[in-house]
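Chemist: Provided herewith is a single structure, encoded as structure tokens, for subsequent inquiry.
The values are calculated or read from the model by the stated rules, or taken from the named source; none is laboratory data. Since we're looking at a predicted model, the values are computed, not measured. A quick note on method: Cβ atoms are made from the backbone with ideal geometry, for glycine too, and the neighbour counts reach across all protein chains shown. Side chains are part of the model used for accessible areas, which takes the heavy atoms of the whole protein and leaves out ligands, DNA and RNA. Shrake-Rupley method; radii C 1.70, N 1.55, O 1.52, S 1.80 Å.
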Amino acid sequence: MPDLTTHYLGLALRNPVVASASPLSLHLKGVRALADAGVGAIVLYSLFEEEVHREQLRDLQIVEAHEDAFGEALSYFPRQHTPEPGAAHHYLRQIERAVAAVDVPVIASLNGSTPGGWASFAASMESAGAAAIELNIYAVPGDPHTPGRIVEDRHVEILHAVKAAVTVPVAVKLSPHFSSVGEVALRLDQAGADGLVLFNRFLHPDIDPETLSVEPGVALSTPQEARLPRAWIAILHGHVAGSLAATTGVETAEDVAAYLLAGADVVMTASALLRHGVTHATTLVEGLEAWLDRKGFAHIDGVRGRLAVPREADPTAYERAGYVAALERGRATYGSLTGQGG
Ligand SMILES: Cc1cc2nc3c(=O)[nH]c(=O)nc-3n(C[C@H](O)[C@H](O)[C@H](O)COP(=O)(O)O)c2cc1C
């Protein structure tokens, strides 16, 4: 049997198929089911910057309530109401319970977009037992006056804040929407990111012309969407010190294999598990094993990066050549259609 064991962010994994952040990990039952289905690691659903702010505000109110306790006792004013523990508190409990329940690494996901005190919450995630932090910087720079460099600098600043708070590895899940994705990736790598997760999939709201309303966009991905992250993994493989994780468009074991061939250390999946059920992870892992066997690979390491952009190649020219070749193939395939009838 081929050997699927691998490393991600310095963590030893039984295989490279990782459950990416999704509602499947909202409950302990889902976390257990993912581990039972055979994934190599589990990224929990995200805790948002906004939820951390609310928790920090609550903690502050508790401190203030205690500071006032003596005065209240004297003046017979009713005690200040302390809000219930919120999402951040529940998230920490979920990490503790998940870590106790499964024997694969549990990665906590912290999701934000602005520099601020929320980033230090990563320390609480580490204390709760998270093997690593996935920092999802989900920022849509909607202000058209914001220069690109400011957006990029903000990413590095947030990463520094999280890195300063923890000793466990930190991966950054980032957007594909930069002028120079590669340079941003290298900057984050040099700024201490232990891994890069390519890419965030933006769930843009859309306009429903029937109801004349704006609807949230929660559509599952398709395998065609894997081409963009796969191209960037193929370019970045061998150029970053940290790990590369692929996310988007994994439907079959062959999609996993293609990402590994491009140079991914691990391949994440969410949509396929939501679409087919958690046990689809078993299909992916067993399918990958069968593919390795069929292709004569004894170990996953023999696959990784085999079809990455060669180190000696100029990646810009390489991508351009691919683009030109694709257009030429398109002309050969469809060009005759327009020529018909004159
Ligand atoms: C319903 C749903 C919820 C998601 N929730 C999160 C989340 O909480 N945090 C996060 O970083 N990504 C989240 N994602 C993104 C996935 O982790 C993944 O990166 C993305 O869906 C692309 O992978 P896929 O094609 O395998 O779905 C979510 C995706 C879906 C479909």
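Chemist: Any chance the range 200-219 includes a residue that's open to solvent by less than 30 Å² (accessible area, probe 1.4 Å) and within 24 Å of A35 (Cβ to Cβ)?
Modeler: Within the range 200-219, not a single residue is open to solvent by less than 30 Å² (accessible area, probe 1.4 Å) and within 24 Å of A35 (Cβ to Cβ).
Chemist: I'd like to know if the range 210-232 contains one or more residues that are assigned to a loop (DSSP other than H, G, I, E, B) and in contact (Cβ under 8 Å) with a residue 60 or more places away in the chain. If you could, list the steps in order and put the result at the bottom.
Modeler: Our first condition is that a residue be assigned to a loop (DSSP other than H, G, I, E, B); within the range 210-232, this holds for 210-212, 216-222.
If we keep only those that are in contact (Cβ under 8 Å) with a residue 60 or more places away in the chain too, we end up with none.
Within the range 210-232, not a single residue is assigned to a loop (DSSP other than H, G, I, E, B) and in contact (Cβ under 8 Å) with a residue 60 or more places away in the chain.
Chemist: I'd like the residue in the range 241-265 that is more than 18 Å from V303 (Cβ to Cβ) and more than 9 Å from the ligand (Cβ to nearest atom) and, out of all such residues, is surrounded by the most Cβ atoms within 10 Å (Cβ to Cβ).
Modeler: First, the residues of the range 241-265 that are more than 18 Å from V303 (Cβ to Cβ): 241-242, 247-249, 251.
If we keep only those that are more than 9 Å from the ligand (Cβ to nearest atom) too, we end up with 241-242.
Details: A241: 11, G242: 23.
Once the filter is applied, the top-ranked residue is G242.
Chemist: Among what's in the range 144-178 and is small (G, A, S) and in contact with an Asp or Glu (Cβ under 9 Å, 6 or more places away or on another chain), pick the residue that is least open to solvent (accessible area, probe 1.4 Å). It would help to see each step written out before you state the result.
Modeler: To start, the set of residues in the range 144-178 that are small (G, A, S) comprises 148, 161, 164-165, 171, 175.
Okay, now just the ones that are also in contact with an Asp or Glu (Cβ under 9 Å, 6 or more places away or on another chain), so 165, 171.
On the way: A165: 32, A171: 1 Å².
Step by step, filter the range 144-178, then rank; the result is A171.
Chemist: Could you grab me the full set of residues in the range 278-322 that are under 21 Å from A246 (Cβ atoms) and part of a loop (DSSP other than H, G, I, E, B)?
Modeler: V278, F297, V303, R304, G305, R306, L307, A308, V309, P310, R311, A313
Chemist: Among the residues of the range 234-253, are any assigned to a loop (DSSP other than H, G, I, E, B) and among the charged types (D, E, K, R)? Break it down into steps so the answer makes sense when it comes.
Modeler: Residues of the range 234-253 that are assigned to a loop (DSSP other than H, G, I, E, B), as a first pass: 237-242, 248-252.
Okay, now just the ones that are also among the charged types (D, E, K, R), so 251.
For the range 234-253, residues assigned to a loop (DSSP other than H, G, I, E, B) and among the charged types (D, E, K, R): present.
Chemist: Within the range 323-331, can one find any residue that is open to solvent by 90 Å² or more (accessible area, probe 1.4 Å) and either among the aromatic types (F, W, Y) or part of a loop (DSSP other than H, G, I, E, B) (or both)?
Modeler: Pass one, the range 323-331, residues open to solvent by 90 Å² or more (accessible area, probe 1.4 Å): 323, 328-329, 331.
Narrowing the set further to residues that are either among the aromatic types (F, W, Y) or part of a loop (DSSP other than H, G, I, E, B) (or both) leaves 323.
Yes, the conditions are met somewhere in the range 323-331.
Chemist: For the range 266-294, give me each residue that is touching a residue at least 24 places away in the same chain (Cβ under 8 Å), open to solvent by 80 Å² or more (accessible area, probe 1.4 Å) and away from the ligand (no atom under 16 Å from the Cβ).
Modeler: E286, D293
Chemist: Residues being more than 16 Å from the ligand (Cβ to nearest atom), aliphatic (A, V, I, L, M), assigned to a helix (DSSP H, G or I) and within 21 Å of L11 (Cα to Cα): count how many of those fall in the range 137-184.
Modeler: 2
Chemist: Something else: Filter the range 189-234 for residues that are within 16 Å of the ligand (Cβ to nearest atom), of a type in the set (A, V, I, L, M) and in contact with a strand residue (DSSP E or B) (Cβ under 7 Å, 6 or more places away or on another chain) and give the result. Lay out the reasoning, then the answer.
Modeler: First pass over the range 189-234, keeping only residues within 16 Å of the ligand (Cβ to nearest atom): 193, 195-206, 215-233.
From what is left, the residues that are of a type in the set (A, V, I, L, M) are 193, 196-198, 203, 218-220, 226, 228, 231, 233.
Listed by number, the residues that qualify are A193, L196, V197, L198, I233.
Chemist: Identify the single condition in (1) more than 14 Å from the chain's Cα centre (by Cα); (2) within 16 Å of the ligand (Cβ to nearest atom) that H53 does not satisfy, given that it satisfies every other one.
Modeler: Condition (2) is where H53 drops out.
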